[in-house]
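Participant: Let me give you the structure first, and then I'll get to my questions.
Throughout, read-outs are computed from the coordinates displayed, never taken from laboratory work. Here the structure is a predicted model, which means the values were calculated and not measured. No Cβ is skipped: glycine too gets one built from the backbone with ideal geometry, and neighbour counts run over all protein chains shown.
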Amino acid sequence: MKQSLFESRHQADWQAFAGQLDALERGKADRQQCKGFAANYRRLCQQLALAQARGYSNHLVEQLQQLVLRGHQQFYRHRSPLGAQLIGFLLAGFPRLVRAEWRCVLIASLVFFGSLLTMGVLVYLFPELIYSLVDPEQVASMEQMYDPDARRLGRFGERHSADDWLMFGFYIMNNIGIAFQTFASGLLLGLGSLFFLLFNGLMIGAVAGHLSQIGYGETFWSFVIGHGAFELTAIALAGGAGLKLGWALLAPGRLPRSEALRLAAGRSVRLVGGVIVFLLLAAFIEAYWSSMTFAAPTVKYAVGAGLWLLVLSYLLLAGRGAHALD
Amino acid sequence: MPHSATSPPPRAPRRPVRRPTALLDTRYQVETPEGIDLLLRPAGLVSRALAFSIDLLIRGLLLLVTYVVLGLLGKFGMGLATILLFLVTWWYMVLFEVLNQGRSPGKQMLGLRVVHDDGTPVGWAASLTRNLLRFVDILPFGYTLGILSCLNHPAFKRLGDIAAGTLVVYRDTLPAQPSLPQAEPLVAPFALDLAEQRALLGFAERGASLSAERRAELAAILAEPLQVPHEQAEQRINGIARGLLGPT
């Protein structure tokens with residue numbers, strides 16, 4: 001068949017298909033319009049193959065190719081884990097994923113919590129050690145924040161209820177930013193994640209040790225214990241996700257490095273999805289519960305312990321059932 | 001096949017195929033389940049950098065305006081502004097790419113879009129990955145790692161793209177229908193194979209964009225096999241192209 005005949009015979013079909021695509025791309029296609037899309041798409045693919053095999057002109061082949069590409073974009077979609085599967089992910093998928101990646105998570109937790117505890121104990125025993133890590137001005141502002149005489153606690157000391165909004169925003173920004181950095185820098189062969197885990201662990205440990213040592217322990221611990229359950233675990237998990245990226249580059253196994261990285265990134269970005277949820281919860285608790293002083297420290301300790309237990313049992317136990325929600 | 005922890009995707013992944021003939025151009029071929037090749041044109045460093053600068057500018061303006069407006073609302077406003085700063089810093093690209101067919105405003109202006117390696121529209125997970133890992137591409141300063149990776153990769157991917165399995169491609173616009181020059185339809189004096197046939201048609205279709213001298217020069221190459229004097233070669237080729245196209 002000559003090209004002109006081919007074109008004149010199918011031109012109307014192509015225009016109709018292009019119309020269908022326009023509607024779909026604008027997201028305004030109704031049921032009637034979508035009818036027969038699959039069949040039309042397959043026919044178009046066949047016509048493109050014919051046009052190529054018969055050596056028709058470039059212009060025609062290109063025109064068909066663009067239609068096919070647009071059709072392909074409408075026809076094939078990746079199911080994305082952050083969409084409709086969100087609930088299943090939170091109820092079962094995320095803790096399962098954490099357990100499946102237990103090696104990276106364990107290493108990250110050891111580095112983070114290990115450095116935190118070690119530094120805390122060291123600073124408690126040798127108080128001047130904190131000045132080798134934190135400059136004196138920062139130490140002074142920390143002391144002011146957790147002064148037992150303050151009416152409210154937190155990074156800005158005295159504040160009113162409208163400020164809770166400010167704090168909520170600040171916590172989200174600050175903490176999720178740190179978690180994202182910890183994750184992303186794992187691409188540098190895992191070194192970046194290790195650095196951020198170690199750095200944050202040392203800093204938090206130093207501040208905790210120092211405040212306990214100078215007798216501000218009660219205000220500090222009752223403030224951080226609640227949201228710490230979510231926040232600290234989240235940073236460790238983000239670090240674990242980053243280490244997974246780095247490990248894929250260091251030891252790609254039988255795959256090419258780029259392919260190993262792509263597979264690892266697919267899994268670790270889902271970990272980061274869970275981390276984001278954890279940090280949103282943490283920011284909420286920090287702004288609206290931790291900073292309140294009306295509750296007695298013992299109540300805060302009890303609630304905090306409950307939250308830690310909740311987080312740990314969620315990560316260790318949720319989604320173990322054979323027919324868990326999916 | 002036993003289901004392991006890293007279970008295979010439901011569909012066998014379509015691997016891009018590089019043909020040995022396509023040495024000079026950067027086209028990226030993806031074979032679809034229908035057995036045809038999709039052609040994608042990856043975008044290079046310059047256009048991507050320009051798109052990014054436009055996005056940066058838009059984000060800067062957006063933040064400036066909201067800070068001024070929300071600043072009037074006092075602390076409550078500043079809280080909102082901080083949340084907004086977070087959204088704009090980490091989510092601007094992700095939201096636009098997923099909800100606007102792979103195009104942030106800057107990419108839209110430059111005619112670019114983000115797709116998966118297999119040509120499908122970019123999803124939440126991939127977009128989040130490539131934009132979070134932007135943090136590493138920026139290191140140590142001014143996108144150095146990203147630029148090096150982009151210049152080294154056959155499909156111009158930065159590190160985030162490699163990890164997420166995404167690609168920044170041009171959105172092609174179709175040129176206007178070319179009209180073949182007038183000529184008497186002829187039959188070729190010998191059998192043409194597909195590539196030759198397409199080359200002749202291509203010459204006739206693109207003749208209008210070449211100067212007369214260049215057309216004559218190109219056509220003269222074929223004068224000998226077509227057994228015509230040099231001056232008539234162009235007319236003869238156009239005639240054969242007409243003949244191939246068939247009656248309109």
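Participant: Using the Kirkwood radius over Cα pairs, work out the Stokes-Einstein diffusion coefficient for region A:86-317 at 25 °C and 0.890 mPa s, in µm²/s as a whole number.
Facilitator: Working: Rh = 18.4 Å.
Diffusion coefficient, whole number: 133 µm²/s.
Participant: Give me A:Leu48, B:Leu151, B:Leu45 ranked fewest to most by other Cβ atoms within 10 Å of their Cβ, as a rough exposure proxy. List each step's numbers first, then the result.
Facilitator: Details: A:Leu48 22, B:Leu151 11, B:Leu45 14.
Starting with the residue having the fewest Cβ neighbours, the order is B:Leu151, B:Leu45, A:Leu48.
Participant: Rank by packing, highest mean first: peptides A:314-320, B:157-163, with packing defined as the count of other Cβ atoms within 10 Å averaged across residues. Display every interim value, and only then the final one.
Facilitator: Details: A:314-320: 15.6, B:157-163: 25.6.
Result, highest mean Cβ count within 10 Å first: B:157-163, A:314-320.
Participant: Which whole-Hz couplings ³J(HN,Hα) result when phi for each residue of region B:195-207 is put into the Karplus expression 6.51 cos²θ - 1.76 cosθ + 1.60, θ = phi - 60°, listed in order with x for Gly and Pro?
Facilitator: For region B:195-207, the Karplus-derived couplings read 5, 5, 4, 5, 5, 5, 4, x, 4, 5, 5, 9, x Hz, x marking Gly and Pro.
Participant: Continuing with this model, one more query. First measure r as the distance between the Cβ atoms of A:Leu317 and A:Ala39, then evaluate 1/(1 + (r/R0)^6) with R0 = 51 Å and state the FRET efficiency to the nearest 0.05. Could you put the intermediate results ahead of the total?
Facilitator: Details: r = 49 Å, r/R0 = 0.96.
According to the calculation, E is roughly 0.55.
Participant: Give the average, rounded to an integer, of partner chain Cβ atoms located within 10 angstrom of each Cβ in B:96-104. Working shown, then result.
Facilitator: Values: counts 0, 0, 3, 0, 0, 3, 1, 0, 0.
Rounded to a whole number, the mean comes out at 1.
Participant: Ok, one more. Select from A:Ala305, B:Thr82, A:Gln63 the residue farthest towards the positive end of the dipole of the protein assembly as shown; place +1 on Cβ of Lys and Arg, -1 on Cβ of Asp and Glu, and compute about the Cα centre.
Facilitator: Of the options given, the answer is A:Gln63.
Participant: Could you work out the pair-distance distribution P(r) of region A:182-267 from its alpha-carbon pairs, with 5 angstrom bin width and percents rounded to whole numbers?
Facilitator: Computed distribution, short to long bins: 3, 15, 19, 17, 13, 10, 9, 6, 5, 3, 1, 0.
Participant: Another question, then. So, R0 is 22 Å and r is the distance between the beta-carbons of A:Leu309 and A:Trp102; what FRET efficiency does that work out to, to 0.05?
Facilitator: Values: r = 19 Å, r/R0 = 0.88.
Computed FRET efficiency for A:Leu309 and A:Trp102: 0.70.
Participant: Further question on the same structure: Label B:Ala176 and A:Arg77 with points 7 Å out from Cα along Cα→Cβ: what is the distance between them in nm?
Facilitator: 3.8
Participant: Please compute, for peptide A:254-263, the average count of beta-carbon atoms on other protein chains lying within 10 Å of each residue's beta-carbon.
Facilitator: Details: counts 0, 0, 0, 1, 7, 3, 0, 6, 9, 3.
Whole-number average of other-chain Cβ neighbours for A:254-263 is 3.
Participant: How long are the semi-axes of the equivalent ellipsoid of the protein assembly as shown, taking √(5λ) for every eigenvalue λ of the Cα gyration tensor, in whole Å from largest down? Present the calculation step by step, with values, prior to reporting the outcome.
Facilitator: Working: eigenvalues 726, 110, 100 Å².
Over the Cα atoms of the protein assembly as shown, the ellipsoid semi-axes are 60, 23, 22 Å.
Participant: Can you give me the Cα centroid spacing of region A:47-121 and region B:97-121 in angstrom?
Facilitator: Value for the Cα centre distance between the two parts: 15 Å.
Participant: Between helix A:58-75 and chain A, what is the angle of the helix's C-alpha long axis to the longest principal axis, kept within 0 to 90° and rounded to the nearest 10?
Facilitator: Between the helix axis and the principal axis of chain A, the angle is about 50 degrees.
Participant: Another question about this same structure. With charges set only on the Cβ (+1 for Lys and Arg, -1 for Asp and Glu), what does the dipole of chain A come to about its Cα centre, in debye to the nearest 20? Don't skip to the answer; put the middle values down first.
Facilitator: Numbers: 27 positive and 21 negative charges, 447 e Å.
Roughly 2140 debye for chain A.
Participant: Using a ≥ b ≥ c from the Cα gyration tensor of region B:174-248 (square roots of the eigenvalues), is it rounded, prolate or oblate, where a/c under 1.5 gives rounded and otherwise the larger of a/b and b/c decides, a/b for prolate?
Facilitator: Values: a/c = 1.59, a/b = 1.13, b/c = 1.40.
Taking the square roots of the gyration eigenvalues as a ≥ b ≥ c, region B:174-248 is oblate.
Participant: Report the residues of region A:184-222 in range of a label on A:Leu125: point 7 Å along Cα→C-beta, backbone N strictly under 16 Å from it.
Facilitator: A:206, A:209-210, A:213
Participant: Once you average over the residues of B:199-212, how many Cβ atoms of partner chains fall within 10 Å of each Cβ? Display every interim value, and only then the final one.
Facilitator: Values: counts 2, 2, 8, 3, 0, 1, 4, 3, 0, 0, 0, 0, 0, 0.
Mean shielding by partner chains, rounded to a whole number: 2.
Participant: At 7 Å along the Cα-to-beta-carbon direction for both A:Arg257 and A:Asp147, put a label point, then send me their distance in nm to one decimal.
Facilitator: Result: 5.4 nm between the two label points.
Participant: To the nearest 0.05, what FRET efficiency results for B:Trp91 and A:Leu250 with a Förster distance of 41 Å applied to their C-beta separation?
Facilitator: Details: r = 30 Å, r/R0 = 0.74.
E(calc), rounded to 0.05, equals 0.85.
Participant: May I pose another question? Output ³J(HN,Hα) for region B:147-161: one whole-Hz value per residue in order, computed from phi by the Karplus curve 6.51 cos²θ - 1.76 cosθ + 1.60 with θ = phi - 60°, and x for Gly and Pro.
Facilitator: 5, 4, 5, 4, 6, 8, 8, x, 10, 6, 8, 8, 4, x, 5
Participant: Based on the mean of other beta carbon atoms within 10 Å per residue, what is the order of B:239-245, B:198-204, most packed first? Each step should come with its number before you reach the end.
Facilitator: Values: B:239-245: 22.4, B:198-204: 20.3.
Taking the mean over residues of other Cβ atoms within 10 Å, the ranking is B:239-245, B:198-204.
Participant: If packing is taken as the average count of other Cβ atoms within 10 Å, what order do A:199-206, B:143-150, A:236-243, B:79-86 fall into, highest mean first?
Facilitator: Working: A:199-206: 21.0, B:143-150: 17.9, A:236-243: 30.9, B:79-86: 19.4.
Peptide ranking by packing, descending: A:236-243, A:199-206, B:79-86, B:143-150.
Participant: Go ahead and estimate [θ] at 222 nm for the protein assembly as shown from helices alone: -39,500 (n - 2.57) per DSSP H run with n ≥ 4, summed, over the residue count, rounded to 500. Can you show the working numbers first?
Facilitator: Working: 24 runs with 354 residues, N = 574.
-20000 deg cm²/dmol, from helical runs alone.
Participant: So, with +1 on the Cβ of K and R and -1 on the Cβ of D and E, and no other charges, what is the size of the charge dipole of region A:237-309 about its Cα centre, to the nearest 20 debye? Spell out each step's value before the answer.
Facilitator: Working: 7 positive and 2 negative charges, 76 e Å.
It comes to approximately 360 debye.
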